[in-house]
Structure formats: structure tokens, C-alpha cells
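Everything on this sheet refers to the single structure shown next.
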Amino acid sequence: MGQEAVVGKIILEGTLCLTSSLLIGAGQGSDAGNDKDIHVLKNKKGNPIIPGTSAAGVLRSMVRDSAPQYEADLFGEIKSDNKKSSAARGIQSSVNIDDIVLKNGTVAFRDGVSIDSYTGSAIKGAKYDYEVVDSGAKGRFYLEITLRGWHLEDKNDIKSPVRHDIIQSVQYLRDRMKKGIQFGALTSKGFGCAVLTDDALGLFDFKKKEDVCAWLGNEEHHAKQASVQLTKHSDITAEEKDLLTVEADFALRGSLIIRDYDADETAGDGSPISAVMLKRHGKYVIPGTTLKGVLRHRTEEILRHFSCKTVGIEGLMGSAKGEKDNEKKVKSRFFVREAEFSEAEGAVAGALQRRNRIDRFTGGTIDTALFATKPVWQMKNGQKTLQLIFGIKKASEAEAGLALFLLRDLWLGNIAIGGEKGIGRGRLLGLHATIRYRGDVWELGKNGKVVSGDMKVLNSLAEQFMDKEAH
């Protein structure tokens with residue numbers, strides 16, 4: 001038999017559970033309608049789906065970034081015969097992934113608006129809306145790997161066992177998916193997070209009669225039908241190079257409101273409430289889109305404060321389109337996660353606040369201009385109510401220093417999140433933070449004091465930002 005002969009199959013299956021909202025658009029050519037700017041992709045039965053091509057692309061990208069030596073053996077490659085010839089040869093992909101049909105989830109509505117980086121106000125005509133699959137949706141995940149002769153320890157001996165590194169790479173995919181992976185659009189804003197549960201990973205070795213019979217004797221194939229169950233964790237511990245992450249705990253300095261446009265609440269007297277704090281599955285949340293927008297705006301302010309041009313902002317935060325038609329979109333390396341408020345009893349609560357509109361000329365109240373809002377309030381001073389997670393992929397030392405400035409401004413309440421900032425809403429109080437970068441870990445405690453980690457290294461990151469950007 002040649003190196004292309006099929007010698008076995010590996011199956012990874014389980015349940016994929018969304019832990020944050022998912023956006024995979026149906027595309028401009030779909031018949032989803034035009035009531036929203038973007039509709040989620042659905043199958044003929046109306047169920048949202050993650051296409052197998054999208055899932056394969058995400059897994060391939062993950063392997064390329066973390067363990068590139070395994071990419072070609074799993075996902076194939078195309079090589080040109082020579083630089084002058086367009087003819088190509090290569091290795092066929094061994095991976096096949098079924099479309100993931102999501103159930104037990106709801107299609108929710110989100111909206112947003114582009115903000116002027118100088119004024120901080122909304123840009124006229126730049127409002128948009130889109131559909132998302134809300135967190136909690138689940139779908140069956142099925143990945144099948146076709147093993148051929150080149151996957152064996154000895155490519156010319158059909159009786160040779162499957163290469164150990166191939167087994168390790170598949171176990172690595174399983175382990176990463178169990179920890180969490182992201183699909184779809186807006187992943188830098190916390191969308192598309194999912195974890196694999198109820199997983200099984202099995203190897204059908206076609207040198208064994210029982211595996212051949214199990215494969216040929218069943219129309220549907222499952223990992224647990226295989227004679228070899230790959231239950232051990234992978235020895236591969238690859239991590240993204242130069243990844244910076246910040247995990248910080250905060251209390252509220254009062255109240256915060258991010259308007260839920262789907263909410264339709266009334267006060268005790270039956271009067272409407274004009275703005276209600278956003279909730280998802282009964283929990284108050286700060287969407288990743290809101291947090292990313294706030295931190296991007298603050299980054300631009302910091303760069304301007306140090307007399308910097310904002311030419312580097314797109315390379316860090318991303319750009320949906322350039323000023324010229326021939327400019328390419330830039331993928332963001334700065335990411336955030338959607339934040340939920342603490343469920344601890346008495347930590348936070350929504351409370352009604354009535355206010356009067358004021359006449360700007362007289363300073364008196366305007367008749368019949370009473371209105372009410374319902375923000376979320378901190379109920380116990382100094383108690384942890386919120387954890388924010390953000391970071392930078394492939395971060396330079398200067399960019400890591402910039403992240404420290406952003407953390408400082410959040411910690412001191414210099415950055416306001418959400419609406420009604422003019423009356424003091426949306427400011428935070430830092431309690432604890434963990435910073436990770438290039439193998440170093442720092443912990444910040446009360447008053448922002450470094451309680452563990454090398455303070456000199458942390459200071460050098462801030463100095464790198466100052467030296468590089470302040471010219």
C-alpha cells in the first residue's frame with residue numbers, strides 16, 4: 001500500500017456550548033430580509049449554524065499560531081512546484097467537520113453606533129443593528145480525521161502504529177476546545193466563545209478487525225465505538241507568543257447604565273422607564289462591544305496626550321475599512337471579554353431614579369419633563385462586583401506598557417463606561433488585578449500596589465511605551 005492508503009480514523013465529538021453571543025453573518029446574497037444590517041446564518045429549518053468550514057478554519061488558525069509543525073499533517077498544504085510555475089501539488093486535508101446546528105438558544109437583537117474619536121459623540125448616520133445567537137445555545141460537534149500512510153511511524157509499513165505526534169496534536173485540539181475557543185465575527189469584542197463538553201476522542205485502527213467491523217457495520221460513527229480511547233491530556237503546552245492578558249476585579253463607584261433597547265419596563269405608577277440596564281439571562285452585563293469601544297477611545301486620548309499620531313491605532317485595535325478603496329481591513333489584536341456582574345447576594349441591584357429635565361436658560365425644571373431610568377447600583381462599598389478581562393495578541397513591550405496605562409485609568413475611575421457619564425455613572429474602583437506577559441505574572445492589590453512579580457520589569461514596560469511613542 002502507498003502512503004495515501006487509508007489506515008484508520010480518529011473521531012472527536014461532543015457538545016459545543018456557547019458562553020457568549022455568536023455572530024456568523026448570512027451574507028449579502030441571503031434571503032434573510034433587510035430589517036437588520038446583519039442576519040445570523042441559519043439552515044433551511046431556521047436553526048442557527050456554525051458551518052464546518054468556519055470551524056475548520058478556526059482550528060487550523062489555532063494550530064498555525066500555537067503548534068505550526070502539525071498544521072500540514074492535519075489540515076493539508078499546497079506547494080508550488082517552482083516559483084515560475086503556477087502548477088501546485090500538496091497534501092489533502094485530513095480533517096472533516098460537520099456543520100454545528102445550534103439549539104436551545106435564542107436569536108437576539110443588538111445595535112451599535114460609531115463614535116467620533118475626538119468628540120466622543122455618536123457619528124450621524126452611523127447607527128447599525130444586527131442579530132446574534134445568545135449564549136446558552138448548544139450543538140453537536142463532530143470532527144473526523146482520515147489517517148493515511150504518511151501518518152504512520154513508518155510510512156512504508158502498513159503495520160506501523162500511528163505517529164505519536166499526530167495523536168498528541170489531536171488531543172491538543174480537544175484540550176483547547178474544552179478550555180474555550182471562539183468562532184465567527186467580533187471575537188476581539190468577546191463574541192463567539194464556546195466550550196466543548198461531554199467529549200469523546202476515539203481511534204479506529206484498521207489493522208484491527210474489531211475496528212474495521214465497527215466502522216463498516218454502523219451508518220453513524222461515534223468515538224466510543226473505537227477500540228482505542230484517547231483520554232489522556234496532550235503533552236503539547238503551546239501558548240500564543242507575546243500574549244498579554246489582564247484580569248482585574250472592580251467595584252462600582254455608584255451606578256452604571258448600558259441601555260437595553262429590548263426592555264419595556266414601567267414604574268410602580270405605570271409610567272414608562274426611559275432606560276433600563278442591560279441584562280442577559282437574568283444577569284447585568286457589559287457587552288464586549290461597549291468595553292472595546294471605551295478602551296479604544298481612551299487609547300486614542302492617551303496617544304494624543306503624548307503628542308502621538310494615531311497611525312498605530314489601527315494595527316492594534318483593528319480597522320473595518322480604510323480611508324482609500326485600496327486599503328485593506330486590519331484585524332484587531334486587542335481583545336476584551338463580555339463582563340457579567342457578580343451574583344453575590346446584595347452586591348448590585350437595579351434601582352429606579354426619577355429626574356427632571358432642566359431648562360438651560362432659566363435653570364428651572366421643564367413642566368411635564370419628568371423621566372425615570374433604572375441603572376445598576378453598587379450596594380456595598382468596596383465589594384467586588386465585576387471582573388474585566390482584556391489583552392493584546394503578539395504584544396510588543398510598548399503595547400504592553402499602553403495596556404498598563406489603560407488598567408490604571410480604569411482602576412482610578414478615569415474611564416467611564418456606559419451612558420449618562422455626565423452625572424457620574426460608569427466609574428470603577430480597582431480592587432485586584434493579575435497581569436501576564438512573556439512568562440511573567442504580576443498581581444496588584446489594594447491601592448494598585450504590586451504584591452507579587454518584579455516591579456522593575458513592570459516599570460520598564462511603561463517606560464518602553466513612553467520612549468517609543470512620546471517622540
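Tell me, what is the percent relative contact order of region 398-446, built from C-alpha pairs under 8 Å that lie six or more residues apart?
Numbers: 50 pairs, mean separation 11.9, N = 49.
RCO, region 398-446: 24 percent.
Just in region 340-418: which GluC sites (Glu not before Pro) are loop by DSSP and have at most 13 other Cβ atoms within 10 Å? Spell out each step's value before the answer.
Values: sites: Glu340, Glu343, Glu345, Glu397, Glu399; in loops: Glu343, Glu345.
Of the GluC sites (Glu not before Pro), the ones in loops of region 340-418 whose Cβ has at most 13 other Cβ atoms within 10 Å are Glu343, Glu345.
State, to one decimal in nm, how far the label point of Lys380 lies from the label point of Asn356, with both points 7 Å from Cα in the Cβ direction.
In this crude spin-label approximation the distance works out to 3.7 nm.
Quote the Stokes-Einstein diffusion coefficient, in whole µm² s⁻¹, for the chain, based on the Kirkwood radius over alpha carbon pairs, a temperature of 10 °C and a viscosity of 1.306 mPa s.
Numbers: Rh = 25.5 Å.
D, rounded to a whole number, is 62 µm²/s.
Pairs of Cα atoms under 8 Å, at least six residues apart: use those to get the relative contact order of the chain, whole percent. Mind dumping the intermediate values first?
Numbers: 981 pairs, mean separation 76.7, N = 471.
It comes to 16 percent, rounded to a whole number.
Quick one, can you get me the convex hull of the C-alpha atoms of region 355-471 expressed as volume per residue in Å³?
Details: hull volume 18.6 nm³, N = 117.
Residue-normalised Cα hull volume stands at 159 Å³.
Given H placed on each backbone N at 1.01 Å, which residues far from Gly8 in sequence or on other chains put an amide H within less than 5 Å of it?
It is Leu147, Phe206, by chain and number.
Of the trypsin sites (Lys or Arg not before Pro) in region 392-471, which ones lie in a loop per DSSP and count no more than 15 other C-beta atoms within 10 Å? Don't skip to the end; give the middle numbers.
Details: sites: Lys393, Lys394, Arg408, Lys421, Arg425, Arg427, Arg436, Arg438, Lys446, Lys449, Lys456, Lys468; in loops: Lys393, Lys394, Arg425, Arg438, Lys449.
Filter output for region 392-471: Lys394, Arg438, Lys449.
Between region 143-203 and region 369-437, what's the alpha-carbon centroid distance in Å?
Cα centroid of region 143-203 versus Cα centroid of region 369-437: 37 Å apart.
Give me Met277, Met455 sorted ascending by neighbouring Cβ count inside 10 Å, so fewest comes first.
Met455, Met277
Along each of the three principal axes of the Cα atoms of region 244-469, give the extent in whole Å, ordering the values from largest to smallest.
Sorted largest first, the three principal extents are 57, 48, 38 Å.
Longer than 29 Å from Cα to Cα, which of Lys292/Lys446; Lys44/Lys374; Lys103/Lys283; Lys241/Lys456; Lys42/Lys374 are they? Say none if no pair is. Walk me through the numbers on the way to the answer.
Details: Lys292/Lys446 25 Å; Lys44/Lys374 40 Å; Lys103/Lys283 21 Å; Lys241/Lys456 22 Å; Lys42/Lys374 35 Å.
Over 29 Å Cα-Cα: Lys44/Lys374; Lys42/Lys374.
All of the numbers you see were taken from the coordinates with simple rules; none came from a lab. Every value quoted in this text rests on a predicted model; they were computed, and no experiment measured them. Using ideal geometry, Cβ is built from the backbone for each residue, glycine included, and neighbour counts are taken over all protein chains shown.
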